[in-house]
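Before any comments, here is the structure.
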Amino acid sequence: MDNILAYMEKYDYENLFFCQDKKLNFKAIIAIHDTTLGPATGGCRMWLDYENEMAAVEDALRLAKGMTYKYAAAGVNLGGGKAVIIGDPRRKDREPVFRALGKFINRLGGKYITGEDVGTTLQDMEYIRMETEHVVTLPTYLGGAGDIAPMTAYSTIRAMQACCNRAYGSDNLEGKTVAIQGLGAVGHNVVSHLHELGAKTIVCDIDSEKVAAMVNKYGSEAVETDSIYDVPCDVFCPCALGKGVNDNSLKRLKCKIICGSANNQLEEERHGDLLESMGFVYAPDYIANSGGTIYDTDRLGVGGVSHERGKEKVKRVYDNMMRVFEIADRYKIPTYRAADRMAEERIAQIAEVKKYMDDLRP
């Protein structure tokens, strides 16, 4: 990305904020994509291994846009935003760092609501909450939903079942082989679900202890991180960082379905077109991984957390995925474009409703 404003204009972003505190060695970016449906909402990521600061900006922007589409497609009345702290997620002095971010978020007056993401924890969200009320992911004792990773895993499984229906004529995962890339908060829950459903799991992660835990607990087969693309399987399930679907991986994947929880799985949009031409069944990432945020934000405006209500909404991800397939078939477009169309149509409809209501006001 060479020109930030040109990129923002191309994808119609609203705001981009830069935050820094020299004494704390704190640098962060807050990207707001679209607030048509409601306040921009999306997690706070803490990550160090960016090639440069511009790469971190691009990550924040792409993730914010993904949140807009995720909420729109899921029927949630929120917009898309994201925060990225450029820093080591193993950093020990968490409180001053996250309270600093909380102060910056508070200045936005509710335009952006943050939550947990890669490299951050519920404890970090507590620190942010000390400075602003505009944080959604919180422990249960603070009125939040607690750990939302299991619901992200559940929605990934629901999308996977829909993909199996598409590819094999049945949503039954029993006997299917699933290759899971990444065993973080979501990935290990995906393995647990698959084990319960009778699937065979092949796993990899940069953390050998996490791999060993899945092998010992669920009988998963372990492979090296780069070998995961080469294993014969029914489903490739990317649950690590983004851009895993690229020119290299597409030459190597030996599966029918790609369905995982990682954000921004396509390195470039053209890879979504390649998936279609090569015959893959692809679950767009923001459809598959929407469960956590559906569950997390369900309490907003409805009087608190309800596990039953939240899980029932997450269960509907199966129906959302089937609708994506319907749109793809109707317009003869790849599924990633079909998901975008589904989200964009809802945003346009709500924008029209709001305009109509504004015109009625004296």
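The values are calculated or read from the model by the stated rules, or taken from the named source; none is laboratory data. Small disclaimer: the values here were computed from a predicted structure and weren't measured. Cβ atoms come from the backbone with ideal geometry, glycine included; neighbour counts cover every protein chain shown. Ligands, DNA and RNA are stripped out before the accessible areas are found, and what is left, the full protein with its side chains, is counted by its heavy atoms. Shrake-Rupley method; radii C 1.70, N 1.55, O 1.52, S 1.80 Å.
Secondary structure note: in the chain, about 30% of the DSSP beta bridges are antiparallel.
Of the accessible area of the range 1-147, computed with a 1.4 Å probe over protein heavy atoms only, carbon and sulfur atoms account for 47 percent.
Using a cutoff of 8 angstrom between alpha carbon atoms and counting only pairs six or more residues apart, the relative contact order for the chain works out to 15 percent. Taking every lysine pair in the range 1-121 that is 8 or more places apart or spans two chains, those with Cα atoms closer than 17 Å amount to 13.
3J(HN,Hα) couplings calculated from phi for the range 130-135 with the Karplus curve 6.51 cos²θ - 1.76 cosθ + 1.60 (θ = phi - 60°) are, in sequence order, 5, 10, 7, 8, 8, 9 Hz; Gly and Pro show x. Ranked by the mean number of other Cβ atoms within 10 Å of their residues, highest first, the peptides 245-252, 16-23 fall in the order 245-252, 16-23. Taking the Cα centre of each part, how many Å lie between the range 193-257 and the range 38-70? Between the Cα centre of the range 193-257 and that of the range 38-70, the gap is 25 Å.
A probe of 1.4 angstrom, applied to the heavy atoms of all protein chains, finds residue 126 with accessible area near 30 square angstrom.
Heavy atoms of the protein chains alone define the surface here; on that basis the range 37-189 has 36 Å² accessible area per residue at 1.4 Å probe size.
Given Cα positions, please report Rg to Rh for the range 39-150, the hydrodynamic radius being the Kirkwood one. The Rg/Rh ratio comes out at 0.95.
Our Cα-only numbers for the range 288-362 put the radius of gyration and Dmax at 15.8, 45 Å. Which values of log₁₀ I(q)/I(0), to two decimal places, follow from the Debye formula for the chain at q = 0.07 Å⁻¹ with a uniform point scatterer at every Cα? Normalising to I(0) and taking log10 leaves -0.28. Distance from the Cα centroid of the range 279-299 to that of the range 170-185 is 16 Å (rounded to whole angstrom).
Take each peptide in 305-317, 145-157, 85-97, count the other Cβ atoms within 10 Å of every residue, and average; sorted highest first, the result is 145-157, 305-317, 85-97. Each peptide in 220-232, 62-74, 27-39 gets a packing score, the mean of other Cβ atoms within 10 Å over its residues, and the list from highest to lowest is 62-74, 27-39, 220-232.
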